[in-house]
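Heads up, the thing below is written out as structure tokens.
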Amino acid sequence: MVAYPIVKQLHVACVALSLAGFAARGGLMVAGSRLLNASWVRIAPHVIDTVLLASGIWLAWQLNQYPIQQPWLTAKVVGLLGYIALGMVALRRGRTKAIRVTFFGLALAVAGYVVSVAITRNPGGPFAW
């Protein structure tokens, strides 16, 4: 069986890679770069996020902590869904650059909230401090 600390480190590393990748793609979007349409730029986030999700599910299973049962984990999952929706508008669906930039900022704010919930294990996130 894989040790819990290894999977936790993998999960945290994937969070960092995922957020850094999102920030980089946001920068490419703001700059109007064609690189945003490169196949590796479009595929890599899915690979990283799949590992991120799988490791998160494994960690929850190992700790017997599940959404609905744990309010902080429920907040994290709801925040993740919001981040995904905002990110889709920011990088692909927004009609104008102003809309995409606004949604990019909102997605980053929600990502910050999700990270703070994970650190504090409190659904209040940054307000728990």
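Table for the structure above
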| item | result |
| --- | --- |
| Options W72, W40, W58; residue that is in contact (Cβ under 8 Å) with a residue 12 or more places away in the chain, farther than 21 Å from S116 by Cβ and not polar (S, T, N, Q) | W58 |
| Flag for P67 being at pLDDT below 95 and outside any helix (DSSP H, G or I) | yes |
| Residue in the range 87-94 that is closer than 24 Å to G124 by Cβ and in contact with a helix residue (DSSP H, G or I) (Cβ under 9 Å, 6 or more places away or on another chain) present | yes |
| Residues satisfying the stated conditions in the range 36-69, i.e. among the aliphatic types (A, V, I, L, M), loosely packed, with under 13 Cβ neighbours inside 10 Å and within 22 Å of A85 (Cα to Cα) | A38, I43, V47, I57, I68 |
| Of residues in the range 4-23 being exposed (fewer than 13 other Cβ atoms within 10 Å of the Cβ) and not hydrophobic (A, V, I, L, M, F, W, C), the one nearest to P45 (Cα to Cα) | Q9 |
| Residue, surrounded by the fewest Cβ atoms within 10 Å (Cβ to Cβ), within the range 94-120, restricted to residues that are farther than 19 Å from A60 by Cα and of a type in the set (S, T, N, Q) | T96 |
| From L17, L73, L81, L52, residue being in contact with a Cys (Cβ under 9 Å, 6 or more places away or on another chain), assigned to a helix (DSSP H, G or I) and of a type in the set (A, V, I, L, M, F, W, C) | L52 |
| Members of the range 113-129 that are in a helix (DSSP H, G or I) and either among the hydrophobic types (A, V, I, L, M, F, W, C) or closer than 16 Å to V77 by Cβ (or both) | Y113, V114, V115, S116, V117, A118, I119, T120, G125, F127, A128 |
| Some residue of the range 21-30 being assigned to a helix (DSSP H, G or I), touching a Pro at 6+ places or on another chain (Cβ under 9 Å) and in contact (Cβ under 8 Å) with a residue 60 or more places away in the chain | yes |
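The rows are residues; the columns are (1) within 25 Å of L106 (Cβ to Cβ); (2) at pLDDT 95 or above; (3) in contact with a His (Cβ under 6 Å, 6 or more places away or on another chain).
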position: I6; (1), (2), (3): no, yes, no
position: Q9; (1), (2), (3): no, yes, no
position: V12; (1), (2), (3): yes, yes, no
position: L35; (1), (2), (3): yes, no, no
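The values are calculated or read from the model by the stated rules, or taken from the named source; none is laboratory data. In this text the structure is predicted, and so the values were computed from the model without any measurement. Virtual Cβ from ideal backbone geometry, glycine too; neighbours counted across all protein chains shown.
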